[in-house]
Every structure is written in structure tokens, then in C-alpha cells.
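Visitor: Questions regarding the structure given below will be posed in turn.
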Amino acid sequence: MLVIIPLLVFLLLIGFVPPYALKEILAALAHDTSAARQKAYLWAIAAFFANLSFAQVDLFQAWHTRRCYERTRGQLFCAIHYKALMRREVSRNLNSNEANSKLGRVVNIMRCVTLQCGLNL
């Protein structure tokens, strides 16, 4: 959240540069002087860097979004796996000495829990 707010403010402020630069370029090209051409080139460079910064901000936001997704997914997977491994087997053999679940049961529990989590989203 702390990363997104400054980026949005930056996009809002710099978002006005390309239309204004286009207006200034067209106004400068109406006059056929070298000073007007130089001014048009400067505004074109400003618009280029504004659009380049938009692409960089989009890439930055996509990277942070993917990072948050992967971190959440990893923590959820670890929590489900831990829960499944610590689950006591009570439905099968009551006289068995095995206290924890077998791998097949663990995978089945993990599949069901992840499907439930996916459907709740």
C-alpha cells in the first residue's frame, strides 16, 4: 500500500504532460522558426520521457503485485501442508500406531482445502 499511493500520485501529476506537450508542439510548429522547432523537440522529448515513466511505473506495479501473490500463495500452501501433516487419522484404523496421516490423505486434504479457498475468492 505504501508503494502504490506515491506511484498513483506520480501518474496523476505526470499524466497531464503528454497532452500539454502535444498542444505545445502543435503551437510551436505553427511558426516556422528554428526556435519554435527547438521548443517542439524539447516538448517531444518531455512527452517521450513521460510515456517512458508510465511504462516503468506499470512494470513496477506488476512486479509488486506478482511478488505479493507469490508470497501469499507460498504462505497459504505452507499453512495447509502443516495443517494436513498434523492432522490425526481417526477415520481409518483406530488400533493403528501411526499417529499422523499418510501422504495420500495429506494430498487429498490439500487439494480439497485449496479448491475451497479458490471457490471462496
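Visitor: Under the Karplus relation 6.51 cos²θ - 1.76 cosθ + 1.60, θ = phi - 60°, what is the ordered set of whole-Hz ³J(HN,Hα) values for the range 42-47, x standing for Gly and Pro?
Guide: Values, residue by residue: 5, 5, 5, 5, 4, 5 Hz.
Visitor: Take the Cβ-Cβ distance between Phe49 and Arg71 as r, set R0 to 35 Å, and report the resulting FRET efficiency rounded to the nearest 0.05.
Guide: For Phe49 and Arg71, the calculated efficiency is 0.60.
Visitor: So for each of 24-31, 5-12 I average, over its residues, the number of other beta carbons within 10 Å; can you give me the resulting order with the highest mean first?
Guide: In descending order of packing, they fall as 24-31, 5-12.
Visitor: Identify the residues of the range 42-70 with backbone N under 13 Å of a label point that sits 7 angstrom from the Cα of Val3 along the Cα-to-Cβ direction, or state none.
Guide: The answer is 57-70, whose backbone nitrogens lie closer than 13 Å to the label point.
Visitor: Further, regarding this structure: Please compute the net charge surrounding Ala36, taking Lys and Arg as +1 and Asp and Glu as -1 over other residues with Cβ under 15 Å from its Cβ.
Guide: +1
Visitor: Under a plain spin-label model, where a point goes 7 Å from the Cα along Cα-to-Cβ, how far apart in nm are Ala62 and Leu12?
Guide: Once both label points are built, they end up 2.5 nm from each other.
Read-outs throughout are calculated quantities, based only on the coordinates presented, and are distinct from any laboratory measurement. Treat the numbers as computed from the prediction; the structure is a model and nothing was measured. So basically every Cβ, Gly included, is an ideal-geometry build from the backbone, and we count neighbours across all protein chains shown.
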